[in-house]
Structures are given as structure tokens and as C-alpha cells.
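Taking it in order: structure first as C-alpha cells, then the write-up.
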Amino acid sequence: MRGLRRGRLSAQGNGAGRRHDLLSRLRAPLVSAALLAGLLALAVAPTSASSPGTPGTAGAAGTPGSTGSGAAAGAAAGAAGAQQPAERPGGDLTPFAFTGSVDPEPEPLAAFYGKRVRWNPCEDDGGFDCGTVTVPVDYAHPDGATTRIALRRLPAAGPAPRIGSLFLNPGGPGGSGIDFAEAAPDVFGDAVLERYDVVGFDPRGLGESDPVDCLTDADLDEVFGADPTPDTAAERAAAARAPAVRARRCLERGGALAGRMGSEFVARDLDVLRSAVGDDRLNYYGVSYGTMIGALYADFFPGRVGHLVLDSAVRTDGLDPGTPTQQEVDASARGWAYEFDDVFDDFVSACVDEADDAGGAGCPLGPDTAEASRRIVGLLDRLDRSPLPTGLDSLPQLTEGWASTAIGFGLGDPDAWPDLTAALAAALEEDDGEGLAWFAMAEAERDDDGSYPAATFGRAQLLVRCSDWPSTAWDAAVPSADVLANHPLWAHVEPPTTDPCTGWQGVRRHTLLVGADVATPVLVIGNAHDRTTPIEDTEAMAASIVRSRFVTVEAEGHGAYDNGNACADAVVDGYLARSEAPEDDYVCGS
């Protein structure tokens, strides 16, 4: 059932609170994982010099693999500083140091380790350097096929001594680290930009890395436009068959790489990338699903962990919890449904408040949550029977599936609520489907010609989800009819579905209980009121890493860093730039 599987982002994806500034700019990777997972199931398949106590290379800035062109460094210096200098937080910040030797690099992979990146100015922006690194498709068979990982580097701005490279992953799964690196001057503080080469990478198979052929544009259209409420026996049977058909076709098209897209492979790729930039230890900032990659890296390579920041963590436990009772299924479903209802209530309240402030005729969706829900459910039922015209050549009709996609994604993006309200109002009052169609396409990253970008959550979700999460009895769980009846809008937007990983034959995650014993502090931080990755999940990740430092930020939104809390920014900047760690269970106030 959609929303009941463990370790996923919560049902409302991007969080119903104020969104993280960076994640807002990189919208696609952070749409609702639970929503898209269900859509996948519904769709019917068609026929440097290290300062004391810091890890890095052993050469000063200017040694091979440590800097780019002077123009790139100058551009970095000029672009840095969009984030205001963070004040040092109150409380104890303890210096830490990296001592002792690091683990040797694996001899069977000697053909891949130690091969320095050949950096060249990026063709689209000479302020950054671009390069690629070759990794094995299957680490168990390094003599087999290979694939290339694309990187983008913002050289350290100086003048402070360079620490090394700081690798980035924005989550998703499927988020582009290359896009993240481009945004780095507006995200990271001066203290970090001065001391690190900021390096983003597109995970294997995605974006500017060698692409994997799995879901086509037509497949993604069927995913996003899938009927969320199949009414007839034939529709239900077709929806039940679809996941296995889609999984088989994906693996046939994508070959060995398609079956090896999980986070374990990305974590191992990351160690090859570390070696390729000449760093002895990995420095890494991962947010949301990027914390899974960072935690797995610490599990696999604890002796090579440097500065590791895990921001807004997902729950990584992949152990089989056993067969749930119907009571347990219903309790879990109610939890997701109540969370959905809370977000919808916030959405309608914002509409009512905005209308009152404007002195207009009231919220066009209805005067209260109950009436707005009734009207939108009625709209979805009408669309199921008779889609609305859109006037768009590549998407001529607004179906129930596309409308529910717009609603599900839009509720997770408070910044987009006014646009969602306007689009719903046009459909409700004027039978005009164009606004909702455009809104859904924008949230799904669909261009008006019907194409989707290479690096998108939609393309990555099936591959990574099915690799990272072994099937359990929860995947077939269906809540009782009364649960669905009591939460009708949730039942339309995030209904129970067939497990999208049914029939998946790719490589599954082996490390189902992730944990690490790291000699130096790992910083694990999250917002207390994050609806995407609840703070309990972030705390659980901290508990799984020995000597980690867990920080709670009294804030909303997804992603603690660069989210408007000066204390959180100061904690992260101090950890990365000065090797200072807060005490465990540290709290940053509002």
C-alpha cells in the first residue's frame, strides 16, 4: 500500500511547512515519494593542504587535483557569500581531529582507484570545472561493464587553507548533485566555500552521468496520469499487472546498470570519487535521501569518513517487520491519512485567510476544509468519467490521474498553494483543465512537448526504490473500506495500490540494518517540525552511528541548513570549516 512502507519519505513529500530554500530550487528530486511510488503501481504499462585536524589531500592549493583555473576560483570568490555569516551558537562546540592512518583502498578495484579527475572548465559556465570518473557497474565483477559519473566542481575560494573536497547530494532519490553544486554559492557560508572544493555529482545512470534506459517519457506519462480509483474488475486487474510488466521492461531496456542503481552502489561510487579527487577521507553533505548514501558510506568505509553532515535523514531500516494484522494496517493508514488531512486543512486555511485579507468573495474552493474536500473529490470523480479539455497538444485532456498528481505534489509545496488554488478553481468553476494540467506537468518536470529530463525523481524512483527496499508483507497491505471512506480525498490522491516493485529482478540492498562505528563525530541534524523526514527518523540515524552528534532545530521545512535558522547554519559551518562539533542532543532554538 502506498505510504505504509518503511524508510520512505512521508506521504506529503516536500513537507507541508516552509520549504528548504535549496530544495525549493531543486524541486523535482523532492516530490512526494509515497505519491510517486503509488503512481508507479497504478499506471498500466503500455505494450589538498590539510590544516591541523582536517582531512584532505597532502598538497597545498595548486597541487594536481586540488584546484581549477584561476578564473574559476575568482568566480567562486565573487559568487560566495549569499548566505549571511552565521553567528557562533551558544553552548559547547568541541574541536575534533583526524588521527591515524586510513584504510587501504581495495586492491581488486585498483583499476578504478587513484585515477585523478581531469578537470576542464565547464562549457556552460567557466566558473566551474567539469569532469568524469569511471566506476564498475557491478563491484562484485569489476572486470565487467563500466559507467561514467559526471562531476562539477566549484574550487575553494580561499584565502583560508584548503581542507579538501566537499561532495554533495540533494536527495530524491534522483536529485542532481551537479545542479546542487551550481547553487552552492547561494547555499553554503563563506567559511565553507573558502576551504572546500565543492563537488556535485549526478548518481550513476542519471543526469549528466551515463544514462540508464528504464522508464520512457510515455511510461512516465502513464505513471503520472494513472487512474487512482480503478472502478471495474478489468481496470483493477490491469493495474495489478502493471508493476511486474514495467519492471521487466525496465530491466530489459537498461541491462546490468538498471538492476544496480541502488544506494549501496552509489555509496561505493562515492569512495571511488573520493580517491579521484585525491582526498584521504570523504567530506560530504547529504540531505533527505542523500543521508541514506552517507550512512551507507560510513557503514562501508568507517575509516575513511571525514566531515560528514547528514541533514534531515530518512529511516534506513530495511529489515522485514513481519506480516501485519489488519488492525496494524488500518492504524498505519489512518496515520498517513490524518497527516494528509492536516496538510489539506493548512492549504484550505491559507486560501480562506488570503481571501479574507483581500476582501474578496471568499476562498474559491469553499468556506472550510470539509466543503473544499467534498468539492475536490466530486471534481476527481467527474474527471474519472469525463476528462476536461486542456488546449495542450501534448496533454489534451485532464484526467483524474493527472489532477490527483497536481494535488498530491502541490500540497507538498506551500509556495505553490496560490497557483494550485487558482488551477483548482478554474476546473471547479469553469470546467477549464488547462491550469491543473500545466501545474501537474511543472511538478512532474514534464516539458510542454511531453519530454522529461534525464535527472528526475520520476526516472530514478522505480530503480532506487526497488533496489533499496526488499519486499515485505506490508507492500500488499490494504486498509479497510471504512478507513478509505473516512478520508475520501486521501483515498483519491494516495490510494492503496499494488507494490510497484512486484516482479523486480534487479540487485537488492544487502545492508538492511545500517550502522557505523566512526572514530570522529558525524553531524546528524534535522528540523523538529519537518513533515517530509520526521525528526524521529533523523534521531534514529544518529543512534545508528557511534559518536554521532544529533542536533534538533526548532524549525519547520525540509532541510535544516540554509533554512533561515542562524544557529543551524553556524553549527554546520563550524563543523565543516573549523572541525568543531556540538554536544550530542544539541538544540537550536527558533
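The values are calculated or read from the model by the stated rules, or taken from the named source; none is laboratory data. Values in this document were obtained by computation on a predicted structure and should not be read as measured data. Cβ sites come from the backbone with ideal geometry, for glycine too, and all protein chains shown count toward neighbours. Side chains included, ligands, DNA and RNA excluded: accessible areas come from the protein's heavy atoms. Shrake-Rupley method; radii C 1.70, N 1.55, O 1.52, S 1.80 Å.
The table below gives the values:
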read-out: The listed residue being of a type in the set (D, E, K, R), open to solvent by less than 30 Å² (accessible area, probe 1.4 Å) and under 30 Å from A256 (Cα atoms), out of D499, D537; value: D499
read-out: Hits in the stretch 357-394 (condition: open to solvent by less than 40 Å² (accessible area, probe 1.4 Å), assigned to a helix (DSSP H, G or I) and aliphatic (A, V, I, L, M)); value: A372, I376, V377, L379, L380, L383
read-out: Selected residue (only one of D227, D221, D186 is more than 20 Å from V135 (Cα to Cα), in contact with a Leu (Cβ under 7 Å, 6 or more places away or on another chain), open to solvent by 20 Å² or more (accessible area, probe 1.4 Å) and among the acidic types (D, E)); value: D227
read-out: Count - residues of the stretch 276-292 that are open to solvent by less than 10 Å² (accessible area, probe 1.4 Å) and more than 11 Å from the chain's Cα centre (by Cα); value: 7
read-out: Of the criteria (1) closer than 25 Å to R315 by Cβ; (2) surrounded by fewer than 20 Cβ atoms within 10 Å (Cβ to Cβ), which one P479 fails; value: (2)
read-out: Some residue of the stretch 471-492 being assigned to a loop (DSSP other than H, G, I, E, B), over 30 Å from T369 (Cα atoms) and out of contact with any Pro (no Cβ under 6 Å at 6 or more places or on another chain); value: yes
read-out: Number of the condition not met by A258 [criteria: (1) closer than 25 Å to L462 by Cα; (2) open to solvent by less than 20 Å² (accessible area, probe 1.4 Å); (3) out of contact with any Cys (no Cβ under 8 Å at 6 or more places or on another chain)]; value: (3)
read-out: Any hit, the stretch 573-585, residues being assigned to a loop (DSSP other than H, G, I, E, B) and open to solvent by less than 10 Å² (accessible area, probe 1.4 Å); value: yes
read-out: Total residues in the stretch 294-332, condition aliphatic (A, V, I, L, M) and either over 23 Å from the mean Cα position of the chain (by Cα) or open to solvent by 30 Å² or more (accessible area, probe 1.4 Å) (or both); value: 3
read-out: Restricting the stretch 267-326 to residues that are of a type in the set (K, R) and assigned to a helix (DSSP H, G or I), the residue that is farthest from I163 (Cα to Cα); value: R268
read-out: Filter result for A150 (over 25 Å from F112 (Cα atoms) and within 23 Å of the chain's Cα centre (by Cα)); value: no
read-out: Total residues in the stretch 131-186, condition of a type in the set (A, V, I, L, M) and either assigned to a loop (DSSP other than H, G, I, E, B) or closer than 17 Å to P121 by Cβ (or both); value: 13
read-out: P243 out of contact with any Cys (no Cβ under 6 Å at 6 or more places or on another chain), part of a helix (DSSP H, G or I), more than 30 Å from A181 (Cα to Cα) and open to solvent by less than 30 Å² (accessible area, probe 1.4 Å); value: yes
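Here is a yes/no grid of residues against (1) in contact with an Asp or Glu (Cβ under 8 Å, 6 or more places away or on another chain); (2) surrounded by 23 or more Cβ atoms within 10 Å (Cβ to Cβ); (3) part of a loop (DSSP other than H, G, I, E, B):
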residue	(1), (2), (3)
G458	yes, yes, no
C466	no, yes, no
H510	yes, no, yes
A519	no, no, yes
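Residues checked against (1) small (G, A, S); (2) farther than 21 Å from A476 by Cβ; (3) modelled with pLDDT of 90 or more:
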position: V212; (1), (2), (3): no, yes, yes
position: E235; (1), (2), (3): no, no, no
position: G255; (1), (2), (3): yes, yes, yes
position: V272; (1), (2), (3): no, yes, yes
